[in-house]
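> Take this structure first; my questions come after.
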Amino acid sequence: MPDELVVSATLVVPAGELRERFSRSSGPGGQGVNTADSRVELSFDVARSPSIPDTLRGRMLARLGNRLVDGVLTIAASEYRAQLANRTAARERLAALLRQAAAPPPPSRRDTKPSRGSRERRLTAKKQRSQTKQTRKRPPDD
């Protein structure tokens, strides 16, 4: 297991800032299911981590807001029977989440006007639809 979690080229989380907790996993496992602690909970304190630059911290806290409990992000992995595989899966998911949270915001959309052709096509379609509905009416009784 590598010591540090590489999120991106500019963001690396040291192993000392990650906390792992192991517990019994539900699901299949045979005779070893009652003895093996294969479920992994990986926790990382986003709010107080010195490895996250202050320029990124606000953006990450805002984007991860609904997943944080007191500024701590927790990932649980129990899909594999082996503890090592679950540890790897939890680290990969944490790195992916932090990578998404640290990504720069998309460029803002520039407002554009509809083209002349698109306006004409819309109005023509409206007139055709209106004509179709007009022809369905019953003629007035004179």
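The values are calculated or read from the model by the stated rules, or taken from the named source; none is laboratory data. Note that the structure is predicted; figures quoted are calculated from it, not measured. Areas reflect the complete protein model, heavy atoms only, side chains present, ligands, DNA and RNA absent. Shrake-Rupley method; radii C 1.70, N 1.55, O 1.52, S 1.80 Å.
> Working from Cα positions, state the angle (0 to 90°, nearest 10) between the long axis of helix 54-63 and the longest principal axis of the chain.
On a 0 to 90 degree scale, this one is about 60.
> Counting each DSSP H run of 4 or more residues in the chain as -39500 (n - 2.57), what helix-only mean residue ellipticity at 222 nm follows after dividing by all residues, to the nearest 500 deg cm²/dmol? It would help to have the intermediate numbers written out before the result.
Values: 3 runs with 51 residues, N = 142.
My calculation for the chain gives -12000 deg cm²/dmol from helical runs alone.
> Identify which of the listed values of semi-axes √(5λ) of the Cα gyration tensor in Å was calculated from the structure shown: (1) 55, 26, 13; (2) 31, 16, 14; (3) 22, 18, 15.
Matching the structure shown: (1).
> Can you sort Phe44, Phe22 by 1.4 Å-probe accessible area, starting with the largest? Before the final figure, lay out each step's value.
Numbers: Phe44 0, Phe22 75 Å².
Ranked list, largest accessible area first: Phe22, Phe44.
> Tell me whether the range 55-97 comes out rounded, prolate or oblate; compute the Cα gyration tensor, take square roots of the eigenvalues as a ≥ b ≥ c, and use a/c under 1.5 as the rounded threshold. Please report the intermediate quantities before stating the final value.
On the way: a/c = 3.75, a/b = 2.39, b/c = 1.57.
Cα axes put the range 55-97 in the prolate bin.
> Please give the per residue accessible area of the chain, computed with a probe of 1.4 Å over protein heavy atoms only, in Å². Write out the running numbers ahead of the final one.
Values: 10430 Å² over 142 residues.
That works out to 73 Å² per residue.
> Something else now. As I understand it, the value is the acute angle between the Cα axis of helix 116-136 and the longest principal axis of the Cα atoms of the chain; what does it come to in degrees, rounded to 10?
Once rounded, the angle reads 60 degrees.
> How far is helix 83-102 tilted off the main Cα axis of the chain, in degrees rounded to 10, range 0 to 90?
50
> A further question follows. Does the range 89-142 come out rounded, prolate or oblate by the C-alpha gyration tensor, with a ≥ b ≥ c the root eigenvalues, rounded set by a/c under 1.5 and, if not, prolate when a/b is larger than b/c and oblate if not?
On the way: a/c = 7.63, a/b = 2.85, b/c = 2.68.
The shape class here is prolate.
> Still on this structure, please answer the following. If I compute solvent accessible area with a 1.4 Å probe over the protein chains, what percent of it on the chain is carbon and sulfur?
Details: 5280 of 10430 Å².
So the carbon and sulfur contribution to the accessible surface is 51 percent.
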